[in-house]
Amino acid sequence: MFAFESRAHAYLRAAAGDRVIRTGPFTVRIDPHDAGLFFNYAIPDDGAEPTGDHVQQLVEMFTRRSRTPRLEYFPAAAPRVEDALLASGFTAERRLPILTCDPAEAPAPRIVGPVEVVLAETDEQLRKVAEAQGEAYEQPVTSEHDVARLRRVLDRGGLVALAWDTVTGQGVGGGQIGPPHRGVSELAAIGVRVAYRRRGIASALAAVLTRACPSAGITTPFLMPENDDTERIYQRAGYRRASEILHISLR
């Protein structure tokens with residue numbers, strides 16, 4: 001009944017790679033190097049009906065690793081999970097729309113100014129992506145771990161895009177789409193330096209990545225916009241609403 005949500009859940013579980021931990025009806029993704037909320041979260045099994053004990057075990061698994069107990073999942077695929085979490089003190093952070101796009105319908109990118117978007121391949125290009133994303137997300141210090149994370153995306157079959165200023169050579173934006181699982185993948189981490197915003201660069205990054213999806217075996221890219229403004233950016237790249245995701249945590 002919830003074919004898209006189940007396929008997207010399967011992708012999120014597969015994307016965790018060797019960092020997967022199982023506890024009760026949950027698959028947990030843990031980043032041993034980065035405590036950031038978006039790198040550490042759980043996904044429930046489809047149709048899961050967790051007990052209070054299951055939730056408590058999940059909380060203890062996160063806290064033992066100094067991580068915030070947190071989930072990102074599609075309520076339509078696991079409708080009984082939210083009530084169990086709320087009963088254990090969790091609070092919904094936000095509900096975000098999920099957008100998808102047929103790669104064949106993604107428009108050609110349009111950018112104002114001397115900026116070009118390319119698929120990144122070299123470590124130098126990946127560092128420029130990481131630096132631009134860092135400024136965009138207010139994490140100005142770029143580490144080797146950040147570059148290595150992007151390299152893993154490529155090595156496992158995903159795509160990384162770099163927007164660069166053709167006059168200065170500076171990386172001004174970046175984004176990525178993860179290695180696919182049964183044709184599904186998430187387009188994420190689109191970021192543009194402050195001085196280069198409102199030029200169409202974000203939608204161009206999304207368009208370039210989406211148009212390249214078939215080359216990586218991706219038939220169903222999806223993404224989650226932060227707000228109405230970012231949703232409009234992705235709509236210009238051909239994306240439309242398909243579902244909703246819940247972010248919920250215990251603080």
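The values are calculated or read from the model by the stated rules, or taken from the named source; none is laboratory data. Since this is a predicted model, take the numbers as computed values, not measurements. All Cβ positions, glycine included, derive from the backbone under ideal geometry; neighbour counts span all protein chains shown. With ligands, DNA and RNA removed, areas are computed over all heavy atoms of the protein, side chains included. Shrake-Rupley method; radii C 1.70, N 1.55, O 1.52, S 1.80 Å.
With K and R counted +1 and D and E -1, the other residues having a Cβ less than 15 Å from that of residue 85 yield a net charge of -3. Mean projected area of the convex hull spanned by the Cα atoms of the chain, taken over all viewing directions: 12.8 nm². Residues in the range 21-38 carry Karplus couplings, in order, of 10, 9, 8, x, x, 10, 9, 10, 9, 10, 9, x, 9, 9, 8, x, 4, 7 Hz; the curve used is 6.51 cos²θ - 1.76 cosθ + 1.60 with θ = phi - 60°, and Gly or Pro positions show x. Counting only protein heavy atoms and a 1.4 Å probe, the range 6-94 has 44 square angstrom of accessible area per residue. Taking all protein chains into account, the per residue accessible area for the range 107-197 stands at 49 Å² (1.4 Å probe).
First compute the accessible area of the chain with a 1.4 Å probe, then give the percent of it belonging to carbon and sulfur atoms. Heavy-atom surface of the chain belonging to carbon and sulfur, 1.4 Å probe: 49 percent. In the chain, Cα pairs under 8 Å separated by at least six residues give a relative contact order of 25 percent. Looking at the range 60-133, which GluC sites (Glu not before Pro) are DSSP coil and have at most 14 other C-beta atoms within 10 Å of their C-beta? Answer by residue number: 121.
Please say if the range 140-251 is rounded, prolate or oblate, where rounded means a/c under 1.5 for a ≥ b ≥ c the square roots of the C-alpha gyration tensor eigenvalues, and otherwise the choice is prolate for a/b larger than b/c and oblate otherwise? Rounded, because the longest to shortest axis ratio a/c is under 1.5. At q = 0.16, 0.19, 0.26, 0.28 Å⁻¹ the log10 of I(q)/I(0) for the range 192-251 amounts to -0.62, -0.80, -1.14, -1.22, computed by Debye summation with a single uniform scatterer per C-alpha, solvent ignored. The trypsin sites (Lys or Arg not before Pro) of the range 169-240 that meet both conditions, a loop assignment by DSSP and at most 10 other Cβ atoms within 10 Å of the site Cβ, are 198. Subtracting the Cα-Cα distance of residue 51 and residue 102 from their residue separation scaled by 0.36 nm leaves 14.5 nm.
The phi torsions of the range 149-156, fed into the Karplus equation with coefficients 6.51, -1.76 and 1.60 and a -60° offset, translate into couplings of 4, 5, 4, 5, 4, 5, 4, 8 Hz, rounded to whole numbers, with Gly and Pro shown as x. Taking amide hydrogens as placed 1.01 Å from N in the peptide plane, the amide H of residue 218 sits under 5 Å from that of no residue at least 5 positions away in sequence or on another chain. Taking label points 7 Å from Cα along the Cα-to-Cβ direction, residue 251 and residue 123 give a separation of 3.9 nm.
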